[in-house]
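Down below is the structure, laid out as structure tokens.
The values are calculated or read from the model by the stated rules, or taken from the named source; none is laboratory data. Predicted model only: the values in this text are computed from it and were never measured. Neighbour counts are summed over all protein chains in view; Cβ atoms, including those assigned to glycine, are modelled from backbone coordinates with ideal geometry. These area figures cover heavy atoms from the full protein model, side chains too; ligands, DNA and RNA do not enter into them. Shrake-Rupley method; radii C 1.70, N 1.55, O 1.52, S 1.80 Å.
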Amino acid sequence: MRAVVTVTGEDRKGIIAQVSGFLSEKNINILDISQTILGDRFAMIMVVDTSECAEDLASVADAAAEMGKDIGMSVRVQHEDIFRAMHRV
Amino acid sequence: MFNTGEVIETIDMIEKEHLDIRTVTMGISLLPCVRDTAENTARAVYDHVVRRAEKLVPTAEQLSREYGIPIVNKRVSVTPVSLVTAAFPQGSVLVALALDRAADALGIDFLGGYSALVHKATAQYEKIFLSTVPRALAETKKLCASVNVGSSRSGINMDAVARVGELVKETARLTRDGLGCAKFVAFCNAVEDNPFMAGAFHGVGEADCVINVGVSGPGVVQHALSFAPEADLTEAAEIIKRTAFKITRAGQLVAKEAARRLSVPFGVVDLSLAPTPARGDSVAHILEELGIETVGGHGTTAALAMLNDAVKKGGVMASSRVGGLSGAFIPVSEDIGMIEAAERGAICLDKLEAMTCVCSVGLDMIAVPGDTPASTISAILADEAAIGMVNGKTTAVRIIPAPGKKVGDTVNFGGLLGRAPVMPVHTGSAEKFISRGGILPAPIHSFKN
């Protein structure tokens, strides 16, 4: 199953390292990654493969949101279908 | 791979513009629950509803977390209860109490279907059933009731219209601030697959069990329009269609997946734009974004007609099955733009009535003075029903004659039901007209066979 990870917040060092560390711990593979700075706002989008992750996606999403709070960023993990439904015909 | 703009657009819709799935509603047939007595039927109804909808709330919550989109309400609609208790209508309240207990056990927000379909005539068992509605609403928390008093094919049952006025008054008297009236709606041309409350019921033409989903997102539409302040109305309609398409695709996804996981057929997506009292989630503010200074002013009906049509056209393309009410809702107490316009006296019942000719439903969540006569409430319903009957659309009245309140007061319902400024009604009596009873004949263009 593929999911989209989005990380937004104030730019600072080490964000990618912390988020990819979290994903690695969960046995989630990063397939694609893009990162931009919009003004002083950090925005990173990853497409990940969760098929080898032992937890269900809802639990991963909850844990990612918690991890985000610890590092002062908004971190969301969402099933890719919500984006596919809204942006692909 | 999605581009950054697409991903951020979806996230902003959800986090900043109040995009949500307003409701996942499970429709359940109660016809297999009919037993020899009201007591046994009530027991069977409770067991059946609790068994069928057992996984509804956890499944919806799981989907909400996986997709990162709020699912605000989880609801159940059932077969009109008047049919289930036809052999012992005086025992209908027992079924009402059983349904309310089931709603509590399931953790759902509302359960609809304490209903009677009397659009052509009121059968004896339905007369008795209707007399139980105020007590059923007073003694339950999550139960919603509805009555269909007319249709484009049958005309309007004016005896039922007269009775509904009395029932609304009695319900107001029995419940705090008339709150029970917020859970009671009278329709013309009621639909059988509506997932929205208070009017949801599971029609007899439906499957045993079905999942219907209602989407929302007025804030998303307003936000999209705010980027095109100079667009002409053709272009504005296109923007609304594109936005409605995206919103509905999210609803379709959730509906299909919920149905799959619950092993229940997918019914319909209802395309309605449903506001909430939260700022940034208002249908009135869309109309104001289009250039109406204050909702209720001249031009409001035209703007709403365009909005309602564009929502349908955008949404229809996004879903495999569309149904329910599908359009723009204009509930006064549940829309911050409407509340503020009503408080300023900028919108009145007459303008709202005109708006219901072109919106998805009717006069919704309107508080009127507590001393409004039953015949006036019936006459307001008759006007609405006539609009629905002649124009072949669903219309409805959900009105609260708030006990002890007068024009200028406000009634607070709390939560999604919001707050309602008490609006004036015309004081000329309709008593004689309403007391005539009979059937208001269907229009000539209803004879299509």
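Taking every DSSP bridge with both residues inside chain B, close to 35 percent are antiparallel.
Using a probe of 1.4 Å on the protein chains alone, the accessible area found for B:GLU170 is around 60 Å².
Think of the protein assembly as shown as a dipole: +1 on every Lys or Arg Cβ, -1 on every Asp or Glu Cβ, centred on the Cα centre; then among B:THR372, B:ILE240, B:VAL45, B:VAL45 lies furthest on the positive end. Entry note, the protein assembly as shown: the mean residue ellipticity at 222 nm calculated from DSSP H runs of n ≥ 4, each adding -39500 (n - 2.57), is -13000 deg cm²/dmol after division by the residues and rounding to the nearest 500. Within segment B:22-66, list the residues whose amide N lies under 14 Å from a label point set 7 Å along Cα→Cβ of A:ASP62. What the label zone holds, given the 14 Å backbone N cut-off, is B:58-66.
Counting heavy atoms of the protein chains alone, B:LYS55 has an accessible area of about 130 Å² for a 1.4 Å probe.
Subtracting the Cα-Cα distance from 0.36 nm times the residue separation, let me have the gained length for B:THR234 to B:ASP104 in nm, one decimal.
Using 0.36 nm per residue and subtracting the Cα-Cα distance, I get 42.1 nm.
Geometric descriptor of the protein assembly as shown, per residue, is 153 Å³ (volume of the convex hull of the Cα atoms).
If exposed means no more than 15 neighbouring beta carbons inside 10 Å and the site is in a DSSP loop, what's the longest run of chain B without any exposed chymotrypsin sites (Phe, Trp or Tyr not before Pro)? The longest such stretch corresponds to B:1-226. With Cα atoms defining each centre, segment A:23-89 and segment B:110-129 are spaced 50 Å apart in the structure. For the protein assembly as shown, the share of DSSP beta bridges that are antiparallel, to the nearest 5, is 55%.
DSSP beta bridges fully contained in segment B:31-188 are about 10 percent antiparallel. Once you reduce segment B:206-262 and segment B:411-449 to the center of their Cα atoms, the two points are 30 Å from each other. Taking a straight Cα-Cα cut-off under 17 Å and skipping sequence neighbours fewer than 8 places away in the same chain, the lysines within cross-link reach of A:LYS69 are A:LYS13.
Per-residue extension of 0.36 nm, minus the Cα-Cα distance of A:LYS69 and A:ASN29, leaves a gain of 12.2 nm for this segment. The modelled label-to-label distance between B:ARG176 and B:VAL57, using points 7 Å beyond Cα along the C-beta direction, is 2.1 nm.
Using a 10 Å cut-off around each Cβ of peptide B:433-445, what is the average number of partner chain Cβ atoms that fall inside?
For this peptide, the per-residue mean of nearby foreign Cβ atoms is 0.
Under a Gaussian network description of chain B, with springs only between Cα atoms under 10 Å, the residue in B:GLY150, B:GLY112, B:GLY414 that fluctuates furthest is B:GLY414.
When the Cα atoms of segment B:211-438 are enclosed in a convex hull and the volume is divided per residue, what value in Å³ results?
Expressed per residue, the convex hull around the Cα atoms of segment B:211-438 is 135 Å³.
Comparing B:TYR114, A:VAL75, B:GLY155 along the charge dipole axis of the protein assembly as shown, the residue lying farthest to the positive side is B:GLY155, per the Cβ-charge model. Whole-Hz Karplus values for segment B:158-170 come out as 6, 5, 5, 4, 4, 5, 4, x, 5, 5, 5, 5, 5 Hz, taken residue by residue from phi with 6.51 cos²θ - 1.76 cosθ + 1.60 and θ = phi - 60°; glycine and proline positions read x. Ordered from largest to smallest accessible area (heavy atoms of protein chains, 1.4 Å probe), the residues B:GLU384, B:GLU235 come out as B:GLU235, B:GLU384. What's the longest bit of chain A with no exposed GluC sites (Glu not before Pro), using DSSP loop states and at most 15 other Cβ atoms within 10 Å as the test? Segment A:1-51 is the longest. With a threshold of 29 Å on the Cα-Cα distance, the over-threshold entries among B:LYS127/B:LYS393; B:LYS142/B:LYS241; B:LYS351/B:LYS432 are B:LYS142/B:LYS241.
Give the residue from B:SER216, B:VAL185, B:THR23 lying farthest towards the positive end of the charge dipole for chain B; charges sit on Cβ (+1 for Lys and Arg, -1 for Asp and Glu) and the dipole is referred to the Cα centre. Farthest towards the positive pole: B:VAL185. Among B:313-326, B:11-24, sorting by the average number of other beta carbon atoms lying within 10 angstrom of each residue, highest first, gives B:11-24, B:313-326. Our coupling estimate for segment B:43-58, obtained by passing each phi through the Karplus curve with A = 6.51, B = -1.76, C = 1.60 and θ = phi - 60°, is 4, 5, 5, 4, 4, 5, 5, 5, 6, 5, 9, 3, 9, 4, 5, x Hz, Gly and Pro reported as x. Karplus-derived 3J(HN,Hα) values for segment B:237-245, using 6.51 cos²θ - 1.76 cosθ + 1.60 with θ = phi - 60°, are 4, 5, 4, 5, 4, 4, 5, 4, 4 Hz; glycine and proline are entered as x. The simple spin-label model puts a point 7 Å past each Cα toward its Cβ; for B:SER320 and B:ASP350 those points are separated by 4.9 nm. Rounded to whole Å, give me the distance from the Cα center of segment B:46-105 to that of segment B:325-361. When both Cα centres are located, 29 Å separates them.
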